[in-house]
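What follows is one structure encoded as structure tokens, with my remarks underneath.
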Amino acid sequence: MFNIMETQVKTYRIATIPGDGIGKEVVPAGQRVLEAIAARNDAFNFEFENFDWGGDFYREHGAMMPADGLDAIRNKDAILFGSTGDPHIPDHVTLWGLRLKICQGFDQYANVRPTRILPGIDAPLKRCGPKDLDWVIVRENSEGEYSGVGGRAHQGHPIEVATDVSMMTRAGVERILRFAFRLAQSRPRKLLTVITKSNAQRHAMVMWDEIALEVSKEFPDVEWDKELVDAATARMVNRPATLDTIVATNLHADILSDLAAALAGSLGIAPTANLDPERRYPSMFEPIHGSAFDIMGKGLANPVGTFWSVVMMLEHLGETGAARQLMNAIERITADPALHTGDLGGTATTAQVTDAVCAILAAEPAAQFKAA
Ligand code: ATP
């Protein structure tokens, strides 16, 4: 008689959307890493479905994705996204036609961007030790300056007018600030900086400040302060260790997080998650870099930003052991200059970095991939 132990294997359904440019190189690399993780454990695996949406799809069909595209990915557990941007299609078409369509369609209102100086990375702040820069930027991802409200009239005439209205709702501001306070509370320093511009923008940003004060009362153990967005740029450079979790509007955080990525050494490393914290829809994980057409198709793209995004995906799925293993593997390869791609001053290729991460994962004990 055999004693057959039945084990429940969880299958996560992942939509992969490489998009444009180097997205077509880094997303398959991310998928390879996920497959390497699946091979190391018997508790979960992945089922991938690839979607060829983006600039080429636009040239063929006149749209960046099909009209019913959201329905095709609605039931996935997560989305791994590459980048969107095409030199022959206006940026607002590629952005609104694909990435923002997914973010807004699935109400992924919290955009989360961790920034750290990884081992072996030569970051530009000479007075800053690696431990001095350990931030998470929370970006409001559904309204504000990028709400899409506005219009143009009298086009081509001297009286032409164009508006982009920054629209902020109490519900939208409350939910992102509450998310940020909660995230700050979960981090060791329990420290939150709320970015504002209420000196010059005297309506919506004043409401933003008022709501921050209200929400802060729910989190008495979180220390928080306010900083004007312009002053925040100087503080990030001059006093990085005074920051931990940072929350800002859509536009402000867009700019601050590119600064953060540059301060941490390279755009090619930085990850981001577009989260629906209520989990009504799939969340989307992507490197923050764009399509980088200058290096496209050469196998030179740094896949680390995508791998770190995969770490965030695994955390979101609750696979904390696998997330930790992958982050350890990433830190081991960044510590090795022979595995630095061109953006980090090295000569390694996408394939070499990916092979190295997969090899590290393959050598780790299977038990380490179990969720804590
Ligand atoms: P987009 O218009 O789609 O935002 P972009 O090419 O203008 O894209 P990014 O892709 O964000 O801008 O990056 C700017 C430059 O940084 C690129 O041209 C490329 O040289 C470099 N770069 C960005 N990401 C990477 C990466 N993952 N690996 C290597 N180099 C990168």
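Summary of values
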| item | result |
| --- | --- |
| Region 100-114 - residue that is open to solvent by 10 Å² or more (accessible area, probe 1.4 Å) and assigned to a strand (DSSP E or B) and, of those, farthest from residue 273 (Cα to Cα) | 114 |
| Inter-residue pairs, beta-carbon under 7 Å, first in contact (Cβ under 8 Å) with a residue 24 or more places away in the chain and over 7 Å from residue 40 (Cβ atoms) and in region 356-372, second assigned to a helix (DSSP H, G or I) and among the hydroxyl-bearing types (Ser, Thr, Tyr), 6+ apart | 371/320; 372/320 |
| Unique match (being part of a loop (DSSP other than H, G, I, E, B), within 11 Å of the ligand (Cβ to nearest atom), over 21 Å from residue 99 (Cβ atoms) and not acidic (Asp, Glu)) among 346, 290 | 346 |
| Residues of region 87-101 satisfying the condition of being over 21 Å from residue 29 (Cβ atoms) and either at pLDDT 95 or above or not basic (Lys, Arg) (or both) | 87, 88, 89, 90, 91, 92, 93, 94, 95, 96, 97, 100 |
| Verdict on residue 125 being modelled with pLDDT of 90 or more and surrounded by fewer than 21 Cβ atoms within 10 Å (Cβ to Cβ) | no |
| Pair list, Cβ < 6 Å and 6+ apart or interchain, from region 143-162 residues that are more than 19 Å from residue 100 (Cβ to Cβ) to residues that are of a type in the set (Asp, Glu) | 154/160 |
| Residue satisfying all of: in region 254-287; away from the ligand (no atom under 15 Å from the Cβ) and of a type in the set (S, T, N, Q); farthest from residue 84 (Cα to Cα) among these | 283 |
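The values are calculated or read from the model by the stated rules, or taken from the named source; none is laboratory data. Note that the coordinates shown come from a computational prediction; the quantities given were computed from them, not determined experimentally. Please note: Cβ atoms are built from the backbone with ideal geometry, for glycine as well, and neighbour counts cover all protein chains shown. Side chains are part of the model used for accessible areas, which takes the heavy atoms of the whole protein and leaves out ligands, DNA and RNA. Shrake-Rupley method; radii C 1.70, N 1.55, O 1.52, S 1.80 Å.
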